[in-house]
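The values are calculated or read from the model by the stated rules, or taken from the named source; none is laboratory data. Note that the structure is predicted; figures quoted are calculated from it, not measured. Glycine also receives a Cβ, built like all others from the backbone with ideal geometry; neighbour counts cover every protein chain displayed.
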Amino acid sequence: MSIVEQYWAGVLQRLQAEVDNFNRLIGHQGEKGRENEQSLSRVLERLVPSRYGVGSGLLIDSDGRDSRQMDIVVYEQNDEPTILAQTNQVLFPVENVRACIEVKTTADKEELVDGGKKKASLDALNAFDNHRPAMLFFAYRSNRSAATVSKHINLLKSENNDCRPDLFCILELGLVGGRSDLLTVNRVDETDYVCGITPLQEFSGGVRQIGRYRNPPDEHWDAEISIDGTIYPIVEVSGDYVIAEPSRALLLFCDALLIALAKREGKTPAIHRYITDIARDILLVGD
């Protein structure tokens, strides 16, 4: 495991500890949701280049339209004037925004459909430069299988509209997916959209093996397993059970977000070159 991958394993542990601790203390679901948004916001504020700000609110266009409420808004704060920031900014001109993120404690069908509606509201805005911010979906856990989540996401695409998120991550499942021009992963056929699990790989000679994954013991019936002091979820994929590695899903999700931010400037984020092929290995999930 590279230094970058080890570091992001630590980031995941801190994020999960923060969220779990707060959720145990607070019973109100709305407050839980807001704090879960803030926990992810704090991670992103340290991740994105300083030229970007991280906030929340609605996007607007010059024709008077506005989007639905966005949990997290990543916007340009250096080169573009924040014309509506004389107080706390809650309205963002669409031209200033680079990405919006919908954050959910639990991903179910209703939450995914709601995320699709938010993407549709973004697509309806008219930007002078024809730029459309990336729409991302992030959930800490799910009460559905990886295959069911993948199916619900793919149902957001119809013949006339594609309301699937540009990127998504369901942390508890180690599930990550989105547009293949943003999400760089191994073992993907020629497709414009991908969905997969980041499984815990087997070791040989002290090296992780691409395409070879650790399965839970036959007698293990719990939803998670402890290996060398780390808790990993057990996830069903195509009728089999594999041990998932959520820290890799989080790393690939954040890398893809940085790619989305950098594409407009024609750059490649430095972190992108530090993520190994082993870290980009996924197990595809069908719908």
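Scoring His152 on the criteria (1) in contact with a strand residue (DSSP E or B) (Cβ under 7 Å, 6 or more places away or on another chain); (2) crowded, with 18+ Cβ neighbours inside 10 Å; (3) of a type outside the set (Asp, Glu); (4) more than 19 Å from Ala134 (Cα to Cα) leaves a single failure, condition (1).
As a summary of the residue check, Trp8 satisfies the conditions (1) of a type outside the set (Val, Ile, Thr); (2) surrounded by 15 or more Cβ atoms within 10 Å (Cβ to Cβ); (3) at pLDDT 70 or above; (4) closer than 20 Å to Ala260 by Cα except for the one numbered (3). Listed by position, the strands (runs of 3 or more DSSP E) enclosed by the range 200-287 that each have at least 2 residues that are closer than 20 Å to Cys169 by Cα are 230-237, 240-243. Go through the range 168-217 and give me each residue that's among the aromatic types (Phe, Trp, Tyr) and in contact with a helix residue (DSSP H, G or I) (Cβ under 6 Å, 6 or more places away or on another chain). If the condition is that a residue be among the aromatic types (Phe, Trp, Tyr) and in contact with a helix residue (DSSP H, G or I) (Cβ under 6 Å, 6 or more places away or on another chain), then no residue fits. With respect to (1) surrounded by fewer than 15 Cβ atoms within 10 Å (Cβ to Cβ); (2) in contact (Cβ under 8 Å) with a residue 24 or more places away in the chain, the lone exception for Thr191 is condition (2).
Counting residues in the range 103-113 that are outside any loop (DSSP other than H, G, I, E, B), basic (Lys, Arg) and modelled with pLDDT of 90 or more gives one or more.
Would you check which residues across the range 256-267 are touching a Lys or Arg at 6+ places or on another chain (Cβ under 9 Å) and of a type in the set (Asp, Glu) and list them? If the condition is that a residue be touching a Lys or Arg at 6+ places or on another chain (Cβ under 9 Å) and of a type in the set (Asp, Glu), then no residue fits. Quick one: is Ile282 under 22 Å from the mean Cα position of the chain (by Cα), surrounded by 15 or more Cβ atoms within 10 Å (Cβ to Cβ), aliphatic (A, V, I, L, M) and under 23 Å from Ala146 (Cα atoms)? So Ile282 passes the test.
Remark: pairs (first residue in the range 217-232, farther than 20 Å from Leu250 by Cα; second residue aromatic (Phe, Trp, Tyr) and surrounded by 13 or more Cβ atoms within 10 Å (Cβ to Cβ); Cβ separation under 9 Å; 6+ apart in sequence or on different chains) = His220/Tyr241.
Candidates are the residues of the range 221-265 that are among the basic types (Lys, Arg) and more than 12 Å from the chain's Cα centre (by Cα); the one that is farthest from Thr276 (Cα to Cα) is Arg264. Checking each residue in the range 114-146 for being more than 17 Å from the chain's Cα centre (by Cα) and either of a type in the set (A, V, I, L, M) or part of a helix (DSSP H, G or I) (or both) picks out Lys117, Ala120, Ser121, Leu122, Asp123, Ala124, Leu125, Ala127. I need the full set of residues from the range 225-261 which are among the acidic types (Asp, Glu), surrounded by fewer than 18 Cβ atoms within 10 Å (Cβ to Cβ) and touching a helix residue (DSSP H, G or I) at 6+ places or on another chain (Cβ under 9 Å), in order please. Residue satisfying the conditions is Glu236 alone.
In the range 138-148, the condition of being over 21 Å from Glu37 (Cβ atoms), touching a strand residue (DSSP E or B) at 6+ places or on another chain (Cβ under 6 Å), in contact (Cβ under 8 Å) with a residue 12 or more places away in the chain and surrounded by fewer than 20 Cβ atoms within 10 Å (Cβ to Cβ) is met by at least one residue.
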